[in-house]
Number of protein chains: 2
Amino acid sequence: MPPSNFPANLTDTLAKIEISMAPFYLEDFTPGWRIKTSSYTLGEDEMVAFARKYDPQPFHLDAEAAEKSFFGGLVASGFQSAALTWKLATETGIFKDSGIAGIGIDELHWLHPLHINDTVTCTLEVLANHPSTSKPDRGSVVIRYDLDNHDGRKILTLKLTQILLRRPKN
Amino acid sequence: MPPSNFPANLTDTLAKIEISMAPFYLEDFTPGWRIKTSSYTLGEDEMVAFARKYDPQPFHLDAEAAEKSFFGGLVASGFQSAALTWKLATETGIFKDSGIAGIGIDELHWLHPLHINDTVTCTLEVLANHPSTSKPDRGSVVIRYDLDNHDGRKILTLKLTQILLRRPKN
């Protein structure tokens, strides 16, 4: 079970050792628990394919048009940076045994553009844990997810509320 | 320019006529303006491809596992329903001439699952319009985006803040 004072400056290796202690349930998500995910490099093909489908604006699609834009070059859709944040978090496996559903997102801020071939890492911090008063097998957690690039620039931050199962009694 | 009392119960056709009045700039996004987008049907291949990449949880990937889940069947990733919301909105063209960048999202609530072959439509309502006090060529708008399925069930709602250009003076 992760200690509530889990250090902020985890290396990927330490995070993986910690995650190998799964399964995790609602009780394990103590406020203050932080975990750093592995990293992911976003290539141009993937960036443009996402934008063509979900966010066909010139600064996500066309290098020449992007140069003249606010961003000065091609940048990923903010919806892709949000999806990548979740990809990194869920691929840790910490929600594998307890994840029921997402409830919502608040305070999502796109802070810095995500560029082609940026390598990003996500850091999670548990902010709140509320056992359900009506359903004894579950509860909700609020977790802050920060996505940083390889230069330590914060790409985005968001708070996501989700429903998790409690540890089964048997 | 859209009237501030634009009716809520637009048909797609009316929305398209209105949108043909582009280009739109910051000044046109008057609080209360509502617009309904065209619709989109999410197929199984697209749903599963997104989940495999960004949200590999069993209830997004595996029909058998999904049957035993909270959802009772395969459902789209919430990050895909958010991206589809934006796809429908941006494909109207209303941000084509003025869109600079997204700032953030608040009050995103996933309210109802998005299933295979659901046909969804987005309704936008402008909530706030703030000309910049420091940069005279731009300002921010807050718009609520509601994604509904073909049965009129609300899949999600979110509020997005973005920066738009003002109408050029010439």
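Below, the figures for the structure above:
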item: Matching residues, segment A:110-120, being more than 9 Å from chain B (Cβ to nearest Cβ), buried (at least 20 other Cβ atoms within 10 Å of the Cβ) and assigned to a strand (DSSP E or B); result: A:Val120
item: Leading residue by the ranking (surrounded by the fewest Cβ atoms within 10 Å (Cβ to Cβ)) among those in segment B:19-77 that are more than 13 Å from chain A (Cβ to nearest Cβ) and basic (Lys, Arg); result: B:Arg34
item: So B:Leu158, is it surrounded by 21 or more Cβ atoms within 10 Å (Cβ to Cβ), in contact (Cβ under 8 Å) with a residue 60 or more places away in the chain, within 14 Å of chain A (Cβ to nearest Cβ) and in a loop (DSSP other than H, G, I, E, B); result: no
item: Qualifying positions in segment B:19-63 - touching a Ser or Thr at 6+ places or on another chain (Cβ under 9 Å), hydrophobic (A, V, I, L, M, F, W, C) and in a helix (DSSP H, G or I); result: B:Ile19, B:Leu26, B:Met47, B:Phe50, B:Ala51, B:Phe59
item: Checking B:Ala89 against (1) surrounded by fewer than 18 Cβ atoms within 10 Å (Cβ to Cβ); (2) over 18 Å from A:Leu84 (Cβ atoms); (3) free of Cβ contacts under 8 Å to residues at least 60 places away in the same chain, the condition it does not meet; result: (1)
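A quick yes/no check of all residues on (1) part of a loop (DSSP other than H, G, I, E, B); (2) open to solvent by less than 50 Å² (accessible area, probe 1.4 Å); (3) within 13 Å of chain A (Cβ to nearest Cβ):
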position: B:Lys96; (1), (2), (3): yes, no, yes
position: B:Leu108; (1), (2), (3): no, yes, yes
position: B:Thr123; (1), (2), (3): no, yes, no
position: B:Asn129; (1), (2), (3): no, yes, no
position: B:Lys135; (1), (2), (3): yes, no, yes
position: B:Val141; (1), (2), (3): no, yes, no
position: B:Gly152; (1), (2), (3): yes, no, no
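The values are calculated or read from the model by the stated rules, or taken from the named source; none is laboratory data. These numbers come from a predicted model, not from an experiment. Please note: Cβ atoms are built from the backbone with ideal geometry, for glycine as well, and neighbour counts cover all protein chains shown. Note: accessible area is taken over every heavy atom of the protein model, side chains too, but ligands, DNA and RNA are not part of it. Shrake-Rupley method; radii C 1.70, N 1.55, O 1.52, S 1.80 Å.
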